[in-house]
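For reference, the structure discussed in these notes is given below.
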Amino acid sequence: AGLLGAVLAALRRRSWSSVAEATAELVPLAAGALGADEVTVCADDAAGQAVPTHRHPAPDAERPTDGSGEALEGEVWVDGARVGVLRVRRARGGWRPEERAFVEAAADRLAAEGAADARRAGEESYRRLFQQASDAMWVH
């Protein structure tokens, strides 16, 4: 497993306060571990098209990211629906099975954070509902 296994083990033990925070930390780690030229996280829009939301290196970095190279993708699924994709690209071809597994596991980790974000938002909405209620509630 080597480096990829060590990075995955660290990610399994890590918790973030939002999917954005998880993405900001996970993407550069994945790029380094895989020797990637570019790692992009995309969120699916209403039409199901993948729209880039985070890219490493940033599009304005010194090294251009023109989309060339061989890509490997891991789909991000939350509650039975695809919500995005983790796309890893590098110039040198050929992805080893453990690299493919790493990208899938990293996508699953983003999915777990997405589900946690949705749960936290629901809990906050529920909490606000009762905190803002000015009238007493009675249950019969």
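Annotations for the structure displayed:
- Spacing of the two label points (7 Å from each Cα toward its C-beta) at Glu104 and Ser17, in nm: 3.4 nm
- Solvent exposure of the chain as accessible area per residue, Å², 1.4 Å probe: 61 Å²
- Computed [θ] at 222 nm, helices only, for the chain once each DSSP H run of length n ≥ 4 contributes -39500 (n - 2.57): -15500 deg cm²/dmol
- Residues considered: Arg127, Arg87, Arg14. Largest GNM mean-square fluctuation over the chain, using C-alpha springs under 10 Å, is found at Arg127.
- The alpha carbon convex hull volume per residue for segment 77-116 rounds to 65 Å³.
- For the peptides 73-85, 40-52, the ranking by packing is 73-85, 40-52, with the highest mean count of neighbouring Cβ atoms within 10 Å listed first.
- Rolling a 1.4 angstrom probe over the chain with all protein chains present gives an accessible area of which 54% lies on carbon and sulfur atoms.
- Ranking Ser18, Ser125 by solvent-accessible area of protein heavy atoms (1.4 Å probe, all protein chains present), from largest to smallest, gives Ser125, Ser18.
The values are calculated or read from the model by the stated rules, or taken from the named source; none is laboratory data. None of the values given here were measured: they were computed from a predicted structure. All Cβ positions, even for glycine, are placed from backbone atoms using ideal geometry, and neighbour counts span all protein chains on display. Side chains included, ligands, DNA and RNA excluded: accessible areas come from the protein's heavy atoms. Shrake-Rupley method; radii C 1.70, N 1.55, O 1.52, S 1.80 Å.
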